[in-house]
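Chemist: What follows is a single structure, and I will ask about it in a moment.
No value in this document is a laboratory result; all are computed from the given coordinates. Just so it is clear, the model here is predicted, and its values are computed rather than measured. As a convention, Cβ positions derive from the backbone with ideal geometry for all residues, glycine included, and neighbour counts pool all protein chains shown.
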Amino acid sequence: MEATVDIRSARFREEREADWKRLEALVQEAESRGVTGLSFMQARDLAALYRQATTSLAIAREISLDKALLAYLEALTARAYLSVYAPQERLGGVVTKFLTKGAPQAMRRSWAFILLGFVCMGLGALCGYLLFFDNADWYHVFMPEGLAGGRGPGSTTEYLRGVIYDDDPDARGLGAFATFLFSHNTRIAIFVFGLGVFLCVPAIALIFYNGLMFGAFVALHVDRGLGWDIAGWLSIHGVTELSAICIACGAGLQLGFAVLFPGQRTRARALRDAGRDATKLAIVAALMLVAAALLEGFGRQLVQDMNTRLFIGWGMGALWVLWFALGGRTSGRGRS
Amino acid sequence: MKLWRRRSTSKPEGPPPGQLLPPEGVPIHLGIAGVGVRMAAQIVDLILTLGAAIALIVLMASLDLTTAATWGAVASMLFFFTRVPYYVLSEIFWNGQTLGKRLMKIKVVSNDGASLTIHALVVRNMMKEAEVFLPGTLLITLDAEEPLYTLIALIWIIGTLIVPLCNKRRRRLGDLIAGTYVIHLPQPVLLADVATYAAASSGKKEEFTFLSHHLDHYGAFELQTLEDLLRAQKSGMPYETSKTYADTLAKVVENIRRRIDYADRVEPDQRVRFLQAFYNAQRAYLEQRQLFGDRRSDKHFDEDEVEETP
């Protein structure tokens with residue numbers, strides 16, 4: 001089959017076919033064992049042959065009309081490209097980098113959105129609080145039955161106190177941890193994040209509504225003279241948990257903001273840019289929710305003293321703030 | 001004169017859909033994976049992670065670590081803690097492929113042709129949580145007593161389904177944020193060169209001679225169609241279709257002869273050899289024209305030329 005064909009592109013193919021076959025074998029090996037499984041010579045050949053194949057593809061597109069050849073080179077180049085340009089980062093390094101630099105820097109960069117989240121929830125809580133004192137029936141409007149756990153304007157002060165200082169062995173341990181992790185608040189956090197992506201408004205409305213519930217709930221206890229007790233009961237996990245919701249909301253708002261006001265960029269591009277920080281915020285929020293569930297599942301039942309509860313809750317809050325404020329300061333200055 | 005002008009003058013971002021530009025600067029065409037095949041991959045992954053979670057639950061139940069009251073919460077927690085690392089880690093280790101994606105031969109690639117970053121993989125799988133699993137669990141746990149949640153859930157589900165259908169690369173929201181999309185993995189199969197068939201099969205040389213006025217009628221499209229026809233002949237047809245195949249060959253030969261004004265008769269047993277000789281001559285001629293900058297995509301090439309000269 002050699003020499004009798006004098007078509008230029010057929011000769012072009014004959015001369016290079018062996019290299020392509022070799023590249024194909026190398027790619028297959030790299031795909032099954034990973035690039036790290038290749039020997040030094042193989043890795044070197046893979047890169048060199050890949051570049052050679054791209055050149056062949058570019059030339060073949062110009063000089064050849066052989067459909068089979070073009071399709072083969074295209075597929076081969078694509079496969080080789082995919083195994084040459086595989087992610088090179090180490091997983092451990094990424095986690096450390098995220099904790100020490102990425103997360104706190106992202107938190108500082110998007111402080112405005114997080115603040116907006118806190119403000120929305122704070123306003124909601126204030127409204128709920130004031131409305132409850134205006135008329136206690138508002139409590140039933142804001143609070144779904146299932147969430148209140150039987151606590152309402154109708155229940156006695158002793159009952160409310162009993163719930164706050166309750167050492168029920170069933171409400172402790174792993175089961176409780178899981179229950180609290182997938183509780184109402186986690187759902188709210190995921191919702192505000194996701195809804196922020198679609199549009200800002202529903203996220204703001206939802207977090208405002210969450211604030212209303214919170215405000216009314218606190219007002220009920222303040223009304224019965226249990227203000228500090230409920231503060232302790234909520235603080236031990238709530239400082240972390242409600243902050244996580246606000247941070248998730250901030251992340252959602254950041255994405256929604258990019259969709260609504262992309263500026264000179266396209267919306268997809270703006271979304272991608274905003275996503276860099278928003279995902280970091282979401283991961284931070286997720287970490288905080290897990291911590292909150294731990295505190296709620298184990299801490300709250302073990303610690304029955306009001307002052308200790310307050311101390312643990314706000315101490316955790318202070319630690320979070322320290323992390324966000326000081327983490328990644330030294331080397332993060334120069335970059336924007 | 002151009003009859004049709006592009007409406008939008010703004011430059012599109014990145015290469016056109018279905019085309020990937022590696023750092024080497026040679027564009028590669030890749031098939032974009034549709035919604036169906038991606039759902040199939042998703043279902044495979046779902047079954048795998050669910051299986052792992054169930055195994056863990058059975059283990060915990062046998063060790064008496066959970067009580068009946070909190071069973072549901074523990075189960076959903078375990079499912080959550082198996083699936084989240086599974087997607088991220090498998091896509092990192094297998095370079096953009098989960099087991100389901102490997103089975104379906106699809107793969108995540110980055111938009112800009114650079115390698116996938118861990119950030120991108122984390123982002124697209126975290127958004128999967130909000131896009132796939134949350135609507136899924138919402139569907140299961142829809143509660144008529146909470147109309148607000150029901151409404152939000154419905155809007156959400158519709159929204160996540162619409163987003164991939166609204167863009168050409170079928171990217172879901174997570175893909176948009178991460179700057180990735182999903183492609184069909186191309187399979188490199190090198191078929192033999194049809195031009196070498198003729199050299200191998202015809203003993204005597206120059207059975208048919210084609211002059212340049214014979215070869216000025218067809219373009220690349222017709223040539224490649226002929227290539228497919230000859231390849232089918234070589235691959236060996238089943239007996240039933242060989243009769244229709246012979247008819248097709250006869251028709252093709254007659255059409256070509258008429259179009260290019262080829263005077264000599266072609267006997268039935270010469271047909272395949274005639275087509276192969278014609279293929280070789282035509283390909284050599286067209287490739288030469290192409291080298292001189294005269295690219296003929298199909299047989300209407302001269303009409304385009306007339307139209308374009310003012």
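Chemist: Count, for each residue of B:174-186, the Cβ atoms from other chains sitting within 10 Å of its Cβ, then give me the mean as a whole number.
Modeler: Shielding by partners across B:174-186 averages 4.
Chemist: A further question follows. Cα centroid distance between segment B:89-118 and segment A:256-329, in Å?
Modeler: 29 Å
Chemist: Can you give me the span-like helices of chain A, meaning DSSP H runs with 18 Å or more of Cα extent along the axis and Kyte-Doolittle mean at or above 0.5?
Modeler: Qualifying helices: A:67-84, A:111-134, A:184-198, A:200-223, A:227-260, A:267-294, A:306-326.
Chemist: At 222 nm, what value in deg cm²/dmol follows for chain A if DSSP H runs of at least 4 each add -39500 (n - 2.57) and the sum is divided by all its residues, to the nearest 500? List each step's numbers first, then the result.
Modeler: Numbers: 16 runs with 258 residues, N = 336.
Helix contribution divided over all residues of chain A: -25500 deg cm²/dmol.
Chemist: Provide, as a two-decimal number, the C-alpha radius of gyration of segment A:266-336 over 2.2 N^0.38 Å, N being how many residues it has.
Modeler: Values: Rg = 17.1 Å, N = 71, 2.2 N^0.38 = 11.1 Å.
The value comes to 1.54.
Chemist: Highest GNM mean-square fluctuation, chain A, Cα pairs closer than 10 Å: which of A:57, A:322, A:253?
Modeler: A:57
Chemist: Could you work out how far apart the two model spin labels at residue B:40 and residue B:191 are, taking each label as a point 7 Å from the Cα in the direction of the beta carbon, and quote it in nm?
Modeler: Inter-label distance under the simple model: 2.3 nm.
Chemist: If we count other beta carbons within 10 Å of each Cβ, what is the order of B:300, B:119, fewest first?
Modeler: Numbers: B:300 12, B:119 19.
Going from sparsest to densest Cβ surroundings: B:300, B:119.
Chemist: Between residue A:156 and residue A:97, take the C-beta separation as r, use R0 = 35 Å, and let me know the FRET efficiency to the nearest 0.05.
Modeler: Efficiency at R0 = 35 Å is approximately 0.05.
Chemist: Efficiency by 1/(1 + (r/R0)^6): what FRET value for residue B:89 and residue A:32, r their Cβ-Cβ distance, R0 = 25 Å, to the nearest 0.05? Don't skip to the answer; put the middle values down first.
Modeler: Values: r = 18 Å, r/R0 = 0.72.
Result of the calculation: an efficiency of 0.90.
Chemist: Most exposed first by the Cβ proxy, i.e. fewest other Cβ within 10 Å, how do B:297, A:64, B:90 rank? Provide the component values of the computation, followed by the final result.
Modeler: Working: B:297 11, A:64 23, B:90 20.
By the 10 Å Cβ count, ascending: B:297, B:90, A:64.
Chemist: Across the residues of B:273-286, average count of Cβ atoms on other protein chains within 10 Å? Show your work: numbers first, answer last.
Modeler: Details: counts 0, 0, 0, 0, 0, 0, 1, 4, 1, 1, 7, 7, 1, 1.
Across the residues of B:273-286, the mean count of other-chain Cβ atoms within 10 Å is 2.
Chemist: From the mean inverse distance of alpha carbon pairs (Kirkwood) and the Cα radius of gyration, derive Rg over Rh for chain A.
Modeler: Details: Rg = 29.6 Å, Rh = 24.4 Å.
Ratio value, two decimals: 1.22.
Chemist: Here's a follow-up. Between segment A:1-78 and segment A:198-220, how far is it from one alpha carbon centroid to the other, in angstrom?
Modeler: Cα centroid of segment A:1-78 versus Cα centroid of segment A:198-220: 60 Å apart.
Chemist: Can I ask one more? What's the magnitude of the charge dipole for the protein assembly as shown around its Cα centre, counting Lys and Arg as +1 and Asp and Glu as -1 at the beta-carbon? Answer in Debye, nearest 20.
Modeler: On the way: 68 positive and 64 negative charges, 292 e Å.
Its charge dipole is roughly 1400 debye.
Chemist: Please give the per residue volume of the convex hull enclosing the alpha carbon atoms of segment A:1-95, rounded to a whole number of Å³.
Modeler: Working: hull volume 10.2 nm³, N = 95.
Each residue corresponds to 107 Å³ of Cα convex hull volume.
Chemist: Sticking with the crude label model, points 7 Å out along Cα→Cβ, report the distance from residue B:148 to residue B:166 in nm, one decimal please.
Modeler: 2.5 nm
Chemist: Longer than 21 Å from Cα to Cα, which of B:128/B:168; A:67/B:234; B:107/B:128; A:97/B:101; A:280/B:128; A:97/B:107 are they? Say none if no pair is.
Modeler: A:97/B:101; A:97/B:107
Chemist: Starting at 0 and stepping by 10 Å, how many percent of the alpha carbon pairs of segment B:19-184 end up in each bin?
Modeler: Histogram of Cα-Cα distances, whole percents per bin: 10, 33, 32, 18, 6, 1, 0.
Chemist: Once R0 is set to 41 Å, what does the formula 1/(1 + (r/R0)^6) return for the Cβ-Cβ distance between residue B:29 and residue B:243, expressed as a FRET efficiency to the nearest 0.05?
Modeler: Details: r = 37 Å, r/R0 = 0.91.
Using R0 = 41 Å, I get an efficiency of 0.65.
Chemist: Which ordering of B:62, B:242, A:110, A:83 is given by a fewest-first count of other beta-carbon atoms within 10 Å?
Modeler: Numbers: B:62 8, B:242 12, A:110 22, A:83 19.
Least crowded to most crowded, the residues run B:62, B:242, A:83, A:110.
Chemist: Now for a separate question. Per residue Cα convex hull volume for the protein assembly as shown, in cubic angstrom? List each step's numbers first, then the result.
Modeler: Numbers: hull volume 143.8 nm³, N = 646.
Dividing the Cα hull volume of the protein assembly as shown by its residue count gives 223 Å³.
Chemist: Determine the shielding of peptide A:257-269 by partner chains: average, over its residues, the number of Cβ atoms on other chains within 10 angstrom of each Cβ. List each step's numbers first, then the result.
Modeler: Details: counts 0, 1, 1, 0, 0, 0, 0, 0, 1, 4, 1, 10, 5.
Average per residue, whole number: 2.
Chemist: Related question: Report the charge-dipole magnitude of chain A in Debye, nearest 20, computed about the Cα centre from +1 at each Lys and Arg Cβ and -1 at each Asp and Glu Cβ.
Modeler: Once rounded to the nearest 20, the dipole reads 1360 debye.
Chemist: Multiply the residue gap between residue A:302 and residue A:15 by 0.36 nm, knock off their C-alpha separation, and tell me the result in nm, one decimal place. Spell out each step's value before the answer.
Modeler: Numbers: separation 287, 0.36 × 287 = 103.32 nm, distance 7.74 nm.
In short, 95.6 nm is gained.
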